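Below you'll find the structure, written out as structure tokens, and then a few comments.
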Amino acid sequence: MSSPMPSSTPHRADQSIGRIVSVAGAKAVVMLDHLPSQCKQMDRPEMGVLLAIDTSRSVALAFISALSIPVPSQRESENEFWVAELSLVGELRISASDGQSTFSRGTTSYPALGDRVRLATHAELLTAFAGRDDRTVRLGTLRQDEGIAINVNVDELLGKHFAVLGSTGTGKSCTAALILRAILARNPAAHIVLLDPHNEYATAFPGLAEVISPGNLQLPLWLLNFEETIEIFVPDATRKPEIEILAELIPIAKSRFAAGRAAGDARLRRTASDIGRCSIDAPLPYRVSDLLTLIDERMGRLENKRELQPYRQLKQRIEAISLDSRFSFLFSTLTVTDDMAQVLGRLFRVPLNDKPLTILELTGLPSEVVNVVVAVLCRLTFEFALWSDGQMPITLVCEEAHRYVPANSALGFEPCKRAIAKIAKEGRKYGASLCIITQRPAEIDPTILSQCSTVFALRLSNDRDQEIVSSAISDANVGLLEFLPALGQREALAFGDGVPLPVRILFDELPANAMPRSSTAQFSLRWQDGQLDERFLTHVIERWRAALTAHQSGAADGAGDLPLGGDTSFSDQPPQPVPARAAPRPDVSPQAAAATARLQASLQQDVTSAVAARSATASHASLRERLLRPGPQLKSR
């Protein structure tokens, strides 16, 4: 962007604050003049302030990275040398034809020894930090001059990934919410997916987000690739025989489903040799009941008891997970259908339905499956962008990223790390962008962080974290990092391709109705009132238990959010525990309702006992018939 330069250029000597005494590459040293004590505070040189140096062909811009007095005097009246170290960051080139100035990074015309240095004017700052209005969004103001808006280029910010770094309590969640809200305000047809491990972002986007929680999440088991499936069914990687069994049988189960869509009920009479094998990682539906039937078939052909053990263990694990309400999102529909379009449409907002953001709340998911869910979502994000030829760019926001891509190779889930790394390294080509948010930059894979071309660094006090940020900034701008431990609330250092210049930014305030649920607990306020009693404990316990037991019913209630597709569907609902409490019908007497509740509780206990004691040779079909036997028969037994 260009703008007319003030007519006062070059500036008078009394407007300058010093002269150049050394130039070395992108560094310069200024001998400061002795400013009178009554000089305005705004005219005094301070750390991080942007200065201007009039050269023969342009106006060089540099910020103050250090201030010092090499030899302090013993008395205030004695003369002493004041020195400022500068980092050259760009220049304003003035057109000879119309006098317009244009900002560009880097320096082509270096200051000479003796050149006078002055504070950059408001007009010069405006020229340097302004951008194209149709591609930029406002995030805050310049700390040096709060009349200068700081805009970021959306294409540069998202196309080359960005990171939000900061210690706990510095405002990372608010910063992320501010950035995303600014982007959505300018781009209402965006497609953004946010991983929310603390369930804190839903309140920041009222009416703009599709919030997916463990209660309404639907992620069919068959959408998982082989590595992700193994993590759920065979978490111990040393159990090689069970992994080999799944590697053999899952493709056959997928083939049976594909063949059954055309053959109807005759599918169960087909043998493995009659059906072509499907790729084990292909996102094709299959039924768990078919998988268990295949395991039974293999067990029936074996005579050596030692060879039966892996099949028994695998079958027991699959059946146990099928019955575990915490994993109900993998088996949340009554039928298995090819509803991949509906699943992707809900995750990636196609169609938008005025909700360009998807928030996936991870709190409440079983700890052993969280990394799998994140891996599946990251992998689907990249593959969807790949196979759509980049026609629908997607941004994945990864909160608490050090959980999923840790620097320690022994930690984390390898497929999850690979999926995020693929977006970081190759996503730009296909329209898949990444936002990394973390409080521990030192604990995140440096390969991932190095791919983020724009960084918003909030206050960081840990030396290791500061070193990681230092490695991501050029030598010319490394002086900015001295501010990291001293940044205030809503302040950050922004540098990279998304901003015109490395800058100390003061973020705009979020509206009160758009704040994430991430505020620090007010101990001094909460500890003044001692009125909490047993009713409070009862309420906490009910919420606690409900979070761990109600996912199954919640998934059923939310099934309407994700309509099923496909012309042919086959029942594959695993036997589910009956809820202990069921609302009685209006036409049922209280005595009958109580008897029904007791019967349901008894049925749930019988289901649990049957799962533990079932025979390894019993077929899955007969098992389901026994577990789902109607109540009166179960009572007579």
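The values are calculated or read from the model by the stated rules, or taken from the named source; none is laboratory data. Just so it is clear, the model here is predicted, and its values are computed rather than measured. Because the Cβ atoms are built from the backbone with ideal geometry, glycine has one as well, and the counts that use them run over all protein chains shown. What goes into the accessible areas is simple: the full protein's heavy atoms, side chains included, and nothing from ligands, DNA or RNA. Shrake-Rupley method; radii C 1.70, N 1.55, O 1.52, S 1.80 Å.
What to note about this one:
- Solvent-accessible surface of region 356-494, averaged per residue with a 1.4 angstrom probe and all protein chains in place: 38 square angstrom.
- Share of carbon and sulfur in the accessible area of region 320-365 stands at 57%, probe radius 1.4 Å.
- Of the accessible area of region 124-222, computed with a 1.4 Å probe over protein heavy atoms only, carbon and sulfur atoms account for 50 percent.
- Per residue value of the accessible surface for region 57-110 (all protein chains in place, 1.4 Å probe), Å²: 57 Å²
- Hydrodynamic radius of region 311-354 per Kirkwood, over alpha carbon pairs, in Å: 12.7 Å
- Charge dipole (Cα centre; +1 on Lys/Arg Cβ, -1 on Asp/Glu Cβ; no other charges) of region 295-414 amounts to roughly 340 debye.
- Where Tyr201, Tyr311, Tyr430 fall by accessible area, highest first, once all protein chains stay in place (1.4 Å): Tyr430, Tyr311, Tyr201
- HN-Hα J in Hz across region 490-501 - Karplus 6.51, -1.76, 1.60, θ = phi - 60°, x for Gly and Pro: 6, 10, 7, 9, 10, 8, x, 6, x, 10, x, 9
- Rounded, prolate or oblate (a/c below 1.5 giving rounded, otherwise prolate when a/b exceeds b/c) for region 136-188 by Cα gyration tensor: oblate
- Solvent-accessible surface of region 191-253, averaged per residue with a 1.4 angstrom probe and all protein chains in place: 29 square angstrom.
- Qualifying GluC sites (Glu not before Pro) in region 58-143, where qualification requires a DSSP coil assignment and no more than 14 other C-beta atoms within 10 Å, comprise Glu76, Glu78, Glu80.
- With every protein chain in place and a 1.4 angstrom probe, the accessible-area ranking of Glu297, Glu368, largest first, reads Glu368, Glu297.
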